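First up is the structure itself, then whatever we jot down about it.
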Amino acid sequence: MLGICRGRRKFLAASLTVLFVPAITWIYLFAGSFEDGKPVSLSPLESQAHSPRYTASSQRERESLEVRMREVEEENRVLRKQLSLAQSRSPSHHHGNHSKTYSMEEGTGDSESLRAGIVAGNSSECGQQPAVEKCETIHVAIVCAGYNASRDVVTLVKSVLFHRRNPLHFHLIADAIAKQILATLFQTWMVPAVRIDFYDADELKSEVSWIPNKHYSGIYGLMKLVLTKTLPSKLERVIVLDTDITFATDIAELWAVFHKFKGQQVLGLVENQSDWYLGNLWKNHRPWPALGRGYNTGVILLLLDKLRKMKWEQMWRLTAERELMSMLSTSLADQDIFNAVIKQNPFLVYQLPCFWNVQLSDHTRSEQCYRDVSDLKVIHWNSPKKLRVKNKHVEFFRNLYLTFLEYDGNLLRRELFGCPSETDVNSENLQKQLSELDEDDLCYEFRRERFTVHRTHLYFLHYEYEPASDNTDVTLVAQLSMDRLQMLEAICKHWEGPISLALYLSDAEAQQFLRYAQGSEVLMSRHNVGYHIVYKEGQFYPVNLLRNVAMKHISTPYMFLSDIDFLPMYGLYEYLRKSVIQLDLANTKKALIVPAFETLRYRLSFPKSKAELLSMLDMGTLFTFRYHVWTKGHAPTNFAKWRTATTPYRVEWEADFEPYVVVRKDCPEYDRRFVGFGWNKVAHIMELDAQEYEFTVLPNAYMIHMPHAPSFDITKFRSNKQYRICLKTLKEEFQQDMSRHYGFAALKYLTAENNS
């Protein structure tokens, strides 16, 4: 009965407040709007026009009055919201339900207030947390290892960046693989007011390798224990996150919780939402010791300075050693050890409200963390099933996760208003280069593309390959967009060696590719294919940038520069390795030409030998590549000689020559000024010739171009006169650059162009 009365008094007080505060406010404002008995307008412009007594002082007063009016209106809005919440909750009071629930209202620092069940609410408007300074840097630590975890980190970071209003400093404890991937990603992402520091996870292995761990995270799942030792000694506090976390609010709200820590509280954790630590999941289930249900370590607030003073390193080690004598190994990695320490020292923990870590593993009490899914702040996919976990709101959670998964990361490159970013030399140089371009130039967009920094995610899928020890290994290099995805399986069947591919995709397309690859037995059986995602930006297809990305990330001494529309002959990989030795490619500047052919048939009985290919040429089933539209591109290969050749033969460079070649990995890059269609390979072959590469045709090698619909870029080239004019301009500028760089020897390129 007492509870009902109190509830009614609160309801009545809130009602009176909502009714009387606006009335009092407007009386105050109305009274304040008179001077000498005359009404004064609140509008500065109106006052200026009609009042001779308008002064700077009265202007400031009126502006202050308007600000106060808006503040009062905002307070009223909050009160109305609280009132509506009180109304919606009132039935539960009438039923007298005073039992403790595992709800979002719990966020406590001690057991006494936990039992009290104080309502905290989930709206940042209602919270009494001290505000985070506008430009205060928020520090976040993440342990990341391997290819899959690197993908997960990107989705986590997107969700944080989407909501954030503060500078961020990510501390990434990463293995060599994750560091390579994420360093390139953040360097090319160029997000303002974001700093990244890496810490070598492999160097930390010795700190925790003595702990047997059954958890699927392996040794990396124990590394959060050594953050006090790993992170900079000057760093006082940090938010630690698992990679399978998704934020649904500004991380600054979580950072502000540090201000609530009292006494010796140094760990901010959410209670575990499963029954794991209660030890009743199955017969003879024996978990590590924990306080009640224990705590989940997917989201941790660490007061590093206090932890160091408490000798945290010694504390957790002694606890782990003692418990391992009977437990033998951990089941939940660092979480078991954190809980064992807390069991002995409960004063260390500040219990966070559970909406800061809604755990979506099977059989959890996560649904009691929120009244509505819109109340959520952090979602934790802590089940090995991930998106397939059982939860009545799983569709909402999955859609929220997929939103960030497919969200265009380029949109997160926004500046923080009023918070200057740290000086970035690369960014400054880029801005300088762009400022030097003439925006009135009709070819401005072409020139600008050369300086566009495309976000790049290396090794999007698992990659594992050790080059052959005889130093003859060759990687097939190509680039593609979404409309050529169907060629991947066929190429993998024709080429058993390593492949490096640059894919030009949007964020959403990258996920489509991931699903396509994971559903393909052919692609999943190959671990020697490196897939490098270059994210879409701008109106042109950056073909030469893509080639350069694929070229840069090969691990073999030689590479076969191909295109995605070509199928290499069966056995070409082994044939090229033998040719590398035969032609002494290691010690000579040679470009080995693989003759190119084409078919107009979508279904082709692929020739198994040179003899079979020649027969198909004679029957008109195959043709020399582009003989009917661009003869000059491959004419120097001398197909007539190739028909009867049994040994490699040398050919000379000619204007517009663009063969597909095998070269050493140290060959020059492609020129980025050429985008879309036209002159992208021609310019590269010209530079190889300028560097005195010797072009040698392989007599028993061939590749066949498969038919496809015309690309968007070739359509633009054919239909847009300005496109063709700009391409011609860029070509002339490239030739002039060649002359300046290579001197007198490069004059032949200008002469050859004029004669062609």
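The values are calculated or read from the model by the stated rules, or taken from the named source; none is laboratory data. It should be emphasised that the depicted structure is a prediction, and the values quoted were computed from it without experimental measurement. As a convention, Cβ positions derive from the backbone with ideal geometry for all residues, glycine included, and neighbour counts pool all protein chains shown. Calculation scope for accessible area: heavy atoms of the full protein, side chains included, ligands and nucleic acids excluded. Shrake-Rupley method; radii C 1.70, N 1.55, O 1.52, S 1.80 Å.
Answer yes or no as to whether A141 is small (G, A, S), within 14 Å of H457 (Cβ to Cβ), open to solvent by less than 40 Å² (accessible area, probe 1.4 Å) and at pLDDT 50 or above.
no
Which residues, counting only those in the range 156-210, are hydroxyl-bearing (S, T, Y) and in contact (Cβ under 8 Å) with a residue 12 or more places away in the chain?
Across the range 156-210, the qualifying residues are S159, T184, T188, Y199.
Filter the range 650-664 for residues that are free of Cβ contacts under 8 Å to residues at least 60 places away in the same chain and crowded, with 16+ Cβ neighbours inside 10 Å and give the result.
Within the range 650-664, V651, W653, F657, E658 qualify.
Would you mention how many residues in the range 244-292 are hydrophobic (A, V, I, L, M, F, W, C), modelled with pLDDT under 85 and within 20 Å of Q368 (Cα to Cα)?
Number satisfying all stated conditions: 3.
Which one is least open to solvent (accessible area, probe 1.4 Å) among residues in the range 425-451 that are of a type in the set (D, E) and within 28 Å of the chain's Cα centre (by Cα)? Steps first, answer last, please.
Initial filter on the range 425-451 (of a type in the set (D, E)): 428, 436, 438-441, 445, 449.
Going one step further and asking which of them are within 28 Å of the chain's Cα centre (by Cα), we end up with 428, 445, 449.
Values: E428: 105, E445: 86, E449: 10 Å².
Restricting to residues being of a type in the set (D, E) and within 28 Å of the chain's Cα centre (by Cα), the top hit is E449.
T228 is checked against (1) under 25 Å from M315 (Cβ atoms); (2) among the polar types (S, T, N, Q); (3) part of a strand (DSSP E or B) and fails just one. What number does that condition carry?
All conditions are met except number (3).
State whether one or more residues within the range 665-685 are touching a strand residue (DSSP E or B) at 6+ places or on another chain (Cβ under 6 Å), open to solvent by less than 50 Å² (accessible area, probe 1.4 Å) and in the same structural domain as V549 (by the TED database).
No, the range 665-685 has no match at all.
From the residues in the range 683-723 that are of a type in the set (F, W, Y) and touching a Lys or Arg at 6+ places or on another chain (Cβ under 6 Å), which one is nearest to T624 (Cα to Cα)?
By that ranking, first place goes to Y693.
Determine whether the range 500-507 contains at least one residue that is crowded, with 19+ Cβ neighbours inside 10 Å, acidic (D, E) and under 22 Å from D408 (Cβ atoms).
yes
Taking the range 691-736 only, how many residues are aromatic (F, W, Y), in contact (Cβ under 8 Å) with a residue 60 or more places away in the chain and open to solvent by less than 40 Å² (accessible area, probe 1.4 Å)?
4
So E422 clears everything in (1) touching a His at 6+ places or on another chain (Cβ under 9 Å); (2) open to solvent by 30 Å² or more (accessible area, probe 1.4 Å) except one condition, right? Which one?
(1)
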